[in-house]
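Asker: Quick one: this structure, given as structure tokens, is what I'll be asking you about.
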Amino acid sequence: MSQPRRDSVPIRDAATVIALRRRGGTRQVLMGQRGAAAVFMPMKFVFPGGAVDPGDGAVPLAAPLPASCAARLELDAPAGMARALAAAAIRELWEETGLVLGRPGHWPDAPPDWQGFAATGHLPDASALRFVFRAVTPPGRPRRFDARFFTLDADQAIAGEAEDFSAACDELSHLQWIPLPEVRRFDLPFITEVVLAEVAARDSDAAPDSVPYFAQDEEAQLFRRLGGRSPLAG
């Protein structure tokens, strides 16, 4: 009897930004819609984010991630991954929304995919990012990612106007700030719903004491907490 086909899609490290702000006492989250022709999650409303690029680990940061977040990012990950993930989060936020997470500074030798960011007169600043969730795309998808999710207090950290998306690329459409109580009206991926539930349950800008980590392969699901309790398999 033939054996089940194993998933052969490579898993890429990725960073996702959950930008939050408060208006009238209600928290809002920044999301956009992927295009109908997108290979991964077409037409779904998602957070800004994407895969780590080879050069992200060498990008100079005006300020690093908080030490606790960096330590949890390094669990079950190659050494030095925390810095690359932080840079990828800042770059993807810039590319997909046009919003700058940075401090004023001159960056004359920025690599090609950072030159637009550098032209705003800023250096990338990771100090406002908070690592809150990690999830691996399940088998059977055309693309798979080991995604680390970061929250961001946009009211405090974004340089410039948080509703100015004029510099965004066209990867996400209908960019908008959505009140958290209304976000489930949108067409969301399953893991996005899980992450939003976790974020909504924590009305705090601090990094969590332990980070939920959800992954699955052809045989099992795994949910555990990085820096917390032991794994639970199901």
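Rule-based calculations on the coordinates, nothing more; no lab input. What you see is a predicted model, and the numbers here were worked out from it, not measured in a lab. Note: ideal-geometry Cβ built from the backbone for every residue, glycine included; neighbour counts use all protein chains shown.
Asker: What does the charge dipole of the stretch 16-233 about its Cα centre add up to, to the nearest 20 debye, if the Cβ of each Lys and Arg holds +1 and the Cβ of each Asp and Glu holds -1?
Answerer: In debye, rounded to 20, the stretch 16-233 gives about 580.
Asker: Using only Cα atoms, find the angle between the long axis of helix 190-201 and the longest principal axis of the chain, and express it within 0 to 90 degrees, rounded to the nearest 10.
Answerer: 60
Asker: What are the extents of the Cα atoms of the chain along their three principal axes, listed from largest to smallest and rounded to whole Å?
Answerer: For the chain, the Cα extents along the three principal axes come out at 62, 39, 39 Å.
Asker: If one takes the longest principal axis of the Cα atoms in the chain, at what angle in degrees, from 0 to 90 and to the nearest 10, does the Cα axis of helix 81-97 lie?
Answerer: It works out to around 60 degrees.
Asker: To make sure I understand, if each residue's beta carbon is the centre and we count other beta carbons within 10 Å, what order do GLU171, GLU163 fall in, fewest to most? Display every interim value, and only then the final one.
Answerer: Values: GLU171 16, GLU163 13.
Listed from fewest to most nearby Cβ atoms, that is GLU163, GLU171.
Asker: Let me ask something else. Which far-off residues, 5 or more places away or on another chain, put their amide H under 5 Å from the one on ALA128, with H placed in the peptide plane?
Answerer: Amide H neighbours of ALA128: none.
Asker: Further question: With θ set to phi - 60°, apply the Karplus curve 6.51 cos²θ - 1.76 cosθ + 1.60 along the stretch 21-27 and write out the HN-Hα couplings as whole Hz, x wherever there is a Gly or Pro.
Answerer: Per-residue couplings from phi come out as 8, 10, 9, x, x, 10, 7 Hz.
Asker: Determine ³J(HN,Hα), in whole Hz, for all residues of the stretch 42-59 in sequence, where each value follows from phi through the Karplus function 6.51 cos²θ - 1.76 cosθ + 1.60 and θ = phi - 60°; x replaces Gly and Pro.
Answerer: Once rounded to whole Hz, the list reads x, 6, 7, 8, 9, 7, x, x, x, 6, 6, 8, x, x, 4, x, 9, 5.
Asker: Expressed as a whole number of Å, what is the distance separating the alpha-carbon centroids of the stretch 87-154 and the stretch 44-69?
Answerer: About 4 Å separates the Cα centre of the stretch 44-69 from the one of the stretch 87-154.
Asker: Express as a percent, rounded to the nearest 5, the fraction of DSSP beta bridges in the stretch 16-233 (both residues included) that run antiparallel.
Answerer: Taking every DSSP beta bridge within the stretch 16-233, about 80 percent pair in antiparallel fashion.
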